[in-house]
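Every read-out reported here was derived from the displayed coordinates using simple, explicitly stated rules and does not represent laboratory data. No experiment lies behind these values; they were computed from the predicted model shown. Note that we place each Cβ from the backbone using ideal geometry, even for glycine, and neighbour counts take in every protein chain shown.
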Amino acid sequence: MQTALPTHVAAANRLTARWCTVAGSRDFVVSGCGVWPLLAVLAESARGPARAELADAAGVAADDGIAAAARMWRELDTAQGISAALGVWHQSGLPIHDAWRSALPPDTVGTLTDQAALDAWASRHTDGLIDSFPLQLSPDTLLVLATALLARTGWQDPFQDNVFEPGSGPWRGHRGPGLARFTRNLDDVSVLAAAEPVTRMVVRGDNDLDVHLLLGADSPADVLSAGFGALDGSILAGGPPRPGTTGPGLRVREVTATGNSVELQLPPFELHDHHDLLAHAGLFGLRTATDRGHGHFPAVSPEPLAISQAAQEVRARFHATGFEAAAVTAIGMMRAAMVLPHAALSVEVTVDRPFGFLAVHRPTGTVIVAGWVAEPPAA
């Protein structure tokens, strides 16, 4: 596993990790990878305090934001098993600076028409996994920026459908649908040396995408943080398990057999989330940019613009033969006008959970989606 992550990959992963710390106590799935390019583009496009806030949230030098976003998009869109799209639409009467338009990838900017066209764009670029755009257009919407991500892989070693009936741990006594398989690669299993040990199982895809399952006794934020730390090398991943190796959900025995074996049992899962990014405006560097008292993006248009909406629609599914995930993230802008500032509601709940997951682009270490499964499916 690569540990010296490229700067833009490390920045996007940090955003996803920070988002996981405020994601709450329920099942969730998030894609900081879908948000990050938009923040990077907006950082270079903004001026004043909004520029600094967006650059800080994206973890990128503001002057390099558009180039960094374009680099990530090229890497993802040429990866096996991953496709990426970037779209910008503006009302026909809104002037757009030629320099800003030309700095974006070709054919990115179009005319804003109606909700149906945006819904169709989301569905087309996620192969129907997400059939509605995360923002609802209003007459005040002048500009929309969006990303779409689709990640799919089959397993190198598929699972068998089974009954999931764990004999220990928080889910002891549960009975429901499950997945099971035997493989021989001990390197897929490691114990991460976090403050509280985390067992990591890498489920390898047959293309550029792997899924890291993370099992720990600590909070969801801490367990997922350990997974991110193992990607960038800040947390040590122990070697293959040996007799005496211990970790959450891990049992290592010496047996008489013809070779090593790794047995993995877990429930299948399917998650769908809608996120209002303005509920955590500070996390995404969007506090100042939503102040409609004056414009914040003079590099985009001579009209004063402020952010009015920001949302993400995301799905992830882990099943016997593979994994698929899709995310559509969008930010809408309206004309700035004198209004009273408003406070965003932020609700944070942390409850200890059984396992999290990271869908990782193997060559770069980019986390496409991250999430947590709170409960196994019922029988």
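Miscellaneous remarks
- Here the residues VAL198, VAL109, VAL189, ranked from fewest to most Cβ neighbours within 10 Å of their Cβ, fall in the order VAL109, VAL189, VAL198.
- Panel note: the C-alpha atoms of the stretch 23-68, placed on their principal axes, show extents of 37, 21, 13 Å (largest first).
- Distribution of pairwise C-alpha distances over the chain, 20 Å bins, in %: 29, 54, 16, 1
- Percent of C-alpha pairs per 10 Å bin, the stretch 159-285, short to long: 11, 34, 37, 14, 3, 1
- GNM flexibility winner over the chain from ASP208, ASP187, ASP56 (Cα, springs under 10 Å): ASP187
- Selection from VAL22, PRO170, GLY239, by position along the positive dipole direction of the chain (Cβ): GLY239
- In terms of packing, defined here as the mean over residues of other Cβ atoms within 10 angstrom, the peptides 123-129, 85-91, 136-142 line up highest first as 85-91, 123-129, 136-142.
- Phi angles across the stretch 158-166 convert, under the Karplus curve 6.51 cos²θ - 1.76 cosθ + 1.60 with θ = phi - 60°, into 3J(HN,Hα) values of x, 9, 9, 5, 8, 9, 9, 9, x Hz, Gly and Pro given as x.
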